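What follows is calculated from the coordinates using simple rules that are stated; it is not laboratory data. Nothing here was measured: the structure is a model prediction, and the numbers come from that model. Backbone-built Cβ (ideal geometry, glycine too); neighbour counts: all protein chains shown.
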């Protein structure tokens, strides 16, 4: 029993340290969206991946209004970076709304809501409309047009980088990384007339020291990552954590995923999800992942399904440990 108590104490101490940002009184959240579709069921039927990467139009509308109703202040990515670098403070309850890739459904279904509520969202734009991220999802959504980008930028929507090709920057030679970051910046600045000094990691890109070094040399001030978590004063703007808003989230589940314990669970799940591609390599893992997402097992790979599996495993492990210690 003493071993179990010691293990519990160590686990609690680790959880408090690992979730220190989530417990900070001035923590905030960077929400990560992708598509905002008219018919979520049809999108999922077309591509099971949309359980993760598409949110229904009515759900998005309800989530934004609920955040405003709960007293969250919508701030821009630039305001957040300024605060993290000590140039200004952060409010008590704040949120940054972001979208990866640059989908036309964001213009059709999210932009009207954001314009009405005055939300200064950021869209991390992949600049090549023929890149694989767009062509592979052509049955579900299409890329933004240049005219739509200009229209949104003119009324305050922020456009930042997401690479030219959406390729894995961590697997590219440094010269190619520099080209991706430089050319995507130039294309966005030419469209919007505004400075591009942030980007989000495209695709399966890993956050590496070399990537941070190159980004700083090119003048970038922040990098948004797929790492789950809150953002608190003192956080590194070159490793911004976000909350991926999955298509299965309603309003209540969105708020549940902003609480410390669910975030801790998602951090653990996120770490475990990285193991198969690292062990097997992308060449083997990507076809397996595609098979699983196109099988009846697909719902298991949402946060809801994986949380259930993790909880079951912890309970079984705890029961076995208790039986062994008797």
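Considering only residues in the stretch 241-254 that are in a strand (DSSP E or B) and touching a helix residue (DSSP H, G or I) at 6+ places or on another chain (Cβ under 8 Å), the one that is surrounded by the fewest Cβ atoms within 10 Å (Cβ to Cβ) turns out to be 244.
Any idea which of 233, 262 is more than 27 Å from residue 184 (Cα to Cα) and in a helix (DSSP H, G or I)?
Working: 233 fails: in a helix (DSSP H, G or I).
Among 233, 262, only 262 is more than 27 Å from residue 184 (Cα to Cα) and in a helix (DSSP H, G or I).
With (1) over 23 Å from residue 129 (Cα atoms); (2) touching a residue at least 24 places away in the same chain (Cβ under 8 Å); (3) in contact with a helix residue (DSSP H, G or I) (Cβ under 6 Å, 6 or more places away or on another chain) as the list, and residue 59 as the residue in question, which single condition is left unmet? Single failed check for residue 59: (3).
Table: residues versus (1) in contact (Cβ under 8 Å) with a residue 60 or more places away in the chain; (2) surrounded by 15 or more Cβ atoms within 10 Å (Cβ to Cβ); (3) farther than 17 Å from residue 220 by Cβ.
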| site | (1), (2), (3) |
| --- | --- |
| 122 | yes, yes, no |
| 134 | no, yes, yes |
| 153 | no, yes, yes |
| 157 | no, yes, yes |
| 195 | no, no, no |
